[in-house]
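Notes follow once the structure below has been shown.
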Amino acid sequence: MKLTIIGASGHGKVVADAAARYGYDEIEFLDDDETLSECGKWRVTGKTGKAAEIDNDLFVAIGNAEIRKRMMERYADKKLVTIIHPDAVVAEGASIGVGTVVMAGAVINPDAKIGKGCIINTSSSVDHDCLLEDYVHVAVGAHLSGTVRVGELTWIGAGATVSNNVNICAACVIGAGAVVVRNITESGTYIGVPARKH
Ligand SMILES: CC(C)(COP(=O)(O)OP(=O)(O)OC[C@H]1O[C@@H](n2cnc3c(N)ncnc32)[C@H](O)[C@@H]1OP(=O)(O)O)[C@@H](O)C(=O)NCCC(=O)NCCS
């Protein structure tokens with residue numbers, strides 16, 4: 001099974017490792033940086049525009065949510081796939097959108113709904129009944145308690161925690177280690193314990 005990954009960054013390398021364990025035995029990267037010839041043990045075979053010509057599975061591994069969204073929209077007619085590391089736990093009743101990656105050690109509990117183009121990063125958790133809109137990133141070691149809602153493009157930083165029943169609006173950055181205990185209704189960057197606007 002062949003997979004083409006757009007974005008030969010550190011994030012792309014981790015996505016490729018998950019994809020290889022998920023069952024892809026042939027992986028190539030596309031990137032517009034011509035100085036890149038490989039990513040981990042995989043080759044960079046061309047620029048991102050080459051994705052228009054392929055008909056195998058495709059994944060956009062770009063950390064920046066706006067660019068990831070743009071790329072996924074550009075190649076929406078291609079075979080965009082979901083990648084779930086075999087050491088992630090995805091409960092029955094949870095749903096995960098296309099173009100989302102779930103990394104090793106992540107746990108997604110029952111009836112969580114995760115949109116498209118999301119990153120559920122290493123050892124993070126998304127508890128029961130959470131609703132994550134498209135292009136959300138839950139960074140390494142971050143935890144969303146039950147029934148949390150997160151708006152499109154929001155980035156929950158490494159090791160951050162969100163209390164249950166809290167809503168976070170679109171286009172926010174939650175700083176590393178922050179604890180979000182109240183709804184966030186205005187986009188922006190929030191840090192600290194409890195999290196406050198930066
Ligand atoms: C919140 C964040 C976006 C702020 O970035 P920034 O605007 O460039 O902020 P700066 O680094 O200039 O820091 C400004 C001040 O805020 C403090 N600060 C920055 N991030 C903080 C955080 N997460 N928690 C508490 N304080 C923080 C800095 O110490 C600095 O304080 P000072 O002015 O007293 O020296 C960033 O620090 C962060 O936490 N990013 C998340 C990283 C991450 O989770 N990566 C995961 C990859 S999977």
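The values are calculated or read from the model by the stated rules, or taken from the named source; none is laboratory data. Computed from a predicted structure; not experimentally measured. Using ideal geometry, Cβ is built from the backbone for each residue, glycine included, and neighbour counts are taken over all protein chains shown. These area figures cover heavy atoms from the full protein model, side chains too; ligands, DNA and RNA do not enter into them. Shrake-Rupley method; radii C 1.70, N 1.55, O 1.52, S 1.80 Å.
Does at least one position in region 150-164 carry a residue that is closer than 17 Å to residue 22 by Cα and crowded, with 22+ Cβ neighbours inside 10 Å?
No: zero hits.
Looking at region 39-53, which of its residues are of a type in the set (Lys, Arg), in a loop (DSSP other than H, G, I, E, B) and surrounded by 11 or more Cβ atoms within 10 Å (Cβ to Cβ)?
Correct list: 47 only.
So which residues in region 117-142 are within 14 Å of the ligand (Cβ to nearest atom), open to solvent by 20 Å² or more (accessible area, probe 1.4 Å) and part of a strand (DSSP E or B)?
The one that is within 14 Å of the ligand (Cβ to nearest atom), open to solvent by 20 Å² or more (accessible area, probe 1.4 Å) and part of a strand (DSSP E or B): 137.
Among the residues of region 14-38, which ones are touching a residue at least 24 places away in the same chain (Cβ under 8 Å), under 15 Å from residue 82 (Cβ atoms) and in a loop (DSSP other than H, G, I, E, B)?
24
Go over the candidates 62, 5, 54 one by one and state the one that is among the aliphatic types (A, V, I, L, M), farther than 30 Å from residue 171 by Cβ and at pLDDT 95 or above.
54
Looking at region 175-198, I want the residues that are touching a residue at least 12 places away in the same chain (Cβ under 8 Å) and have a partner that is assigned to a strand (DSSP E or B) and exposed (fewer than 12 other Cβ atoms within 10 Å of the Cβ) with Cβ atoms under 6 Å, at least 6 apart or on another chain. Which pairs are those?
Filtered contacts from region 175-198: 188/197; 190/197.
Please go through region 143-198 and pick out each residue that is hydroxyl-bearing (Ser, Thr, Tyr) and more than 14 Å from the ligand (Cβ to nearest atom).
Selection gives 145, 147, 163, 185.
In region 91-116, what residues are assigned to a strand (DSSP E or B) and either within 16 Å of the ligand (Cβ to nearest atom) or not assigned by TED's automatic domain parsing to the domain that holds residue 150 (or both)?
101, 102
Can you tell me how many residues in region 1-42 are touching a Ser or Thr at 6+ places or on another chain (Cβ under 7 Å) and more than 13 Å from residue 59 (Cα to Cα)?
The number of residues fulfilling the criteria is 1.
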